[in-house]
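To keep things clear, I will list the structure first and then write my remarks on it.
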Amino acid sequence: MKFGRDSLVLAACLAIMTSPAFACDIGSAAAAIASIGQKIQAGQIKRIDLLKISDRLLASIPISPEHFSSYASERKTLVLTERDATELAAAVKALAPAQLSYQPDLRWQLVFIDDAGNKPHAFFFSKRYVQGRGRAGYVDGNMCAFGTAAIGSPALVKWLQKRL
């Protein structure tokens, strides 16, 4: 009996150690969002690479960043015009990171590319929440929720949807 209990405790400890962290470092996420917005406004971000997975794809586990590229069904590179950059910077700055308590099922990957071809920042977004408010995802590797006051998606996802 003691062996069974010890095995259960060991299994629980391993599950905790190997499971992903579900806390959002809001300060770090907000700083990354501000940095991305500033770089876009300053003209340092010249284009974005967008990968999208259909919302109809059902996976047995949530799609995470490391598995994202193998499931992507749409790929597009958007070269930013001055007008695009202004709209994109405003949409990025409107993101409000919040705590997240589950692993999101990602559907959008957005990689920001500067004029030297470097990829300094990346966003990942999930499907819409079941209740229809906001999305979950990652900003530079930090897993967070991205809420919105209105029903629907954050302004950044709406901006992207207009360009697909």
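The values are calculated or read from the model by the stated rules, or taken from the named source; none is laboratory data. All of these numbers come straight from a predicted model, not from anything done at the bench. Neighbour counts run over all protein chains shown; Cβ positions are idealised from the backbone, glycine included. Just the protein is used for accessible areas: all its heavy atoms, side chains included, with ligands, DNA and RNA removed. Shrake-Rupley method; radii C 1.70, N 1.55, O 1.52, S 1.80 Å.
General observations
- Boolean, residue 56 is of a type in the set (Lys, Arg) and over 19 Å from residue 111 (Cβ atoms): yes
- Looking at segment 63-118, the strands (runs of 3 or more DSSP E) lying wholly inside it that each contain 3 or more residues that are modelled with pLDDT of 90 or more and open to solvent by less than 30 Å² (accessible area, probe 1.4 Å) sit at 106-114.
- Residue 147 being of a type in the set (Gly, Ala, Ser), in contact with a strand residue (DSSP E or B) (Cβ under 6 Å, 6 or more places away or on another chain), at pLDDT below 80 and open to solvent by 30 Å² or more (accessible area, probe 1.4 Å): yes
- Only a single criterion out of (1) of a type outside the set (A, V, I, L, M); (2) open to solvent by 80 Å² or more (accessible area, probe 1.4 Å); (3) assigned to a helix (DSSP H, G or I) is not satisfied by residue 56, namely (3).
- Screening residue 127 with (1) open to solvent by less than 10 Å² (accessible area, probe 1.4 Å); (2) assigned to a strand (DSSP E or B); (3) touching a residue at least 60 places away in the same chain (Cβ under 8 Å) gives one miss only, at (1).
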